[in-house]
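So the structure is just underneath, and the comments pick up after that.
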Amino acid sequence: MWNTLIFSAIGIIFGLVLGSFYNVLIYRVPKGISLVNPKRSFCPVCNHQLAWKDNIPILSYLILGGKCRYCGSKISPIYPVIEGSTAALFLLAVFLTSNIWNMLALWILFSGGIIVTAIDLQTMMIPDFAVIMTAVGGVLWAIANGQVLLSLISAGIGFGIFLIIHFVSKQGMGFGDVEYIAALALYLVPFSLVWAILIASIAAIIFALPMLITRKANRKTRVPFGPFLALGVSIAIFIPWR
Ligand SMILES: [Zn+2]
C-alpha cells in the first residue's frame, strides 16, 4: 500500500521532470543543437532565454496560457503533452509490475517510445540514442525476468525480418526501424515478438488508412513505423506466454 503510494509519487515527479528533459532532446537533437549550449531553454520564436518559472512542467504552460512570456507567441501544446504522457506512463508502469527492475525497464521502454514517436513523426528518423537506451532497458528486462537467451533470439529474429523488409521495400522501411525492433525485441520472447509485429502493423495500417482511401499515398509513401513498434511491444510484453 505505502510502497505503491510512494512509487506512484516518484513515478509522477520523475515523469514530469524527465518529460521536460525529453522535450529538450526532441527539439534539439534533430536540429543538431547542442544539449549543453545554450545551457538554458529559449523561446524558439524570440530566442529569449527562459527563466526557471517558465520551465515548470505543465504548470508554466497553463499559467502562461500557452504563450511566451516575452514575445507572446504561441507555445506548442506538444511540450505539456510530452510531460503529461511521460508522467502518466511512469505511473502506469508502477501498477503493471511489482518488481523495481521491471519498473525501471518499463520507464526506459516508455521513454524511448515517447522520444521515438515525437521525432519519427516529425523527421521520419529514429535517433540512435533512443535505440541505445531501449536496448539497455531491454537487457535489464531480460535479466530481471531470467529470459536472456530468449530475448537475444527475439532480437536476432526481429533484426533479420526487418532487415529483409528494409531491402525488399527498397528502403521504404528505414534502417532506423531495423535497429529499433532489434532493441525492442530484447523485451520479448519470440512468441510475443509475433504479437508485437502484428499489433504494430495493424496500428500502422489504421493510421495510414485515411491516406490510402484518399489516394494520397502511393508505393513510395513512407509511414513512420517507430511509434507503432513501440506500441506493439508495450502491449505484447503483457500477453501471457508461459
Ligand atoms: Zn518568445
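Can you check how the C-alpha radius of gyration of the range 103-242 compares to 2.2 N^0.38 Å, as a plain ratio? Could you put the intermediate results ahead of the total?
Numbers: Rg = 14.5 Å, N = 140, 2.2 N^0.38 = 14.4 Å.
Relative to the 2.2 N^0.38 Å estimate, the range 103-242 comes out at 1.01.
How much area per residue is accessible in the chain when the probe is 1.4 Å and only protein heavy atoms are counted (Å²)?
Working: 13330 Å² over 242 residues.
Computed with neighbouring chains in place, this is 55 Å² per residue.
At a 1.4 Å probe radius, which order do Trp107, Trp195 fall into by accessible area, largest first? Walk me through the numbers on the way to the answer.
Details: Trp107 20, Trp195 100 Å².
Reading off the accessible areas and sorting them downward yields Trp195, Trp107.
Sketch the reach of a paramagnetic label on Ala208 as a point 7 Å from Cα along Cα-to-Cβ, and name the residues of the range 143-179 whose backbone nitrogen lies under 16 Å away.
Answer for this model: 162-178.
Extending each Cα 7 Å along its Cβ direction at Ile33 and Ser169, get the distance between those two points in nm, one decimal.
3.1 nm
Run the paramagnetic zone check for Ile6: 7 angstrom along Cα to Cβ, then residues of the range 98-142 with backbone nitrogen under 19 Å.
Answer for this model: 98-105.
Can you run the Rg to Rh ratio on the range 8-163? Use alpha carbon positions and the Kirkwood inverse-distance Rh. It would help to have the intermediate numbers written out before the result.
Numbers: Rg = 17.6 Å, Rh = 17.1 Å.
Dividing the radius of gyration by the Kirkwood radius yields 1.03.
Report, to the nearest whole %, how much of the accessible area of the range 29-104 belongs to carbon and sulfur atoms, 1.4 Å probe, protein only. Could you put the intermediate results ahead of the total?
Details: 3160 of 4810 Å².
In the range 29-104, the share of accessible area belonging to carbon and sulfur is 66 percent.
Excluding ligands and nucleic acids, what accessible area in Å² is computed for Val29 using a 1.4 Å probe, to the nearest 10?
Roll a 1.4 Å probe over it and Val29 shows about 60 Å².
What three numbers, in Å, describe the spread of the alpha carbons of the range 1-75 along their principal axes, ordered from the longest?
Principal extents (largest minus smallest coordinate, Cα): 48, 28, 17 Å.
The values are calculated or read from the model by the stated rules, or taken from the named source; none is laboratory data. In this text, all values refer to a predicted model and were calculated from it rather than measured experimentally. FYI the Cβ positions are ideal-geometry reconstructions off the backbone, even for glycines, and counts take in every protein chain you see. Quick note on the areas: whole protein, heavy atoms, side chains included, nothing else; ligands and nucleic acids left out. Shrake-Rupley method; radii C 1.70, N 1.55, O 1.52, S 1.80 Å.
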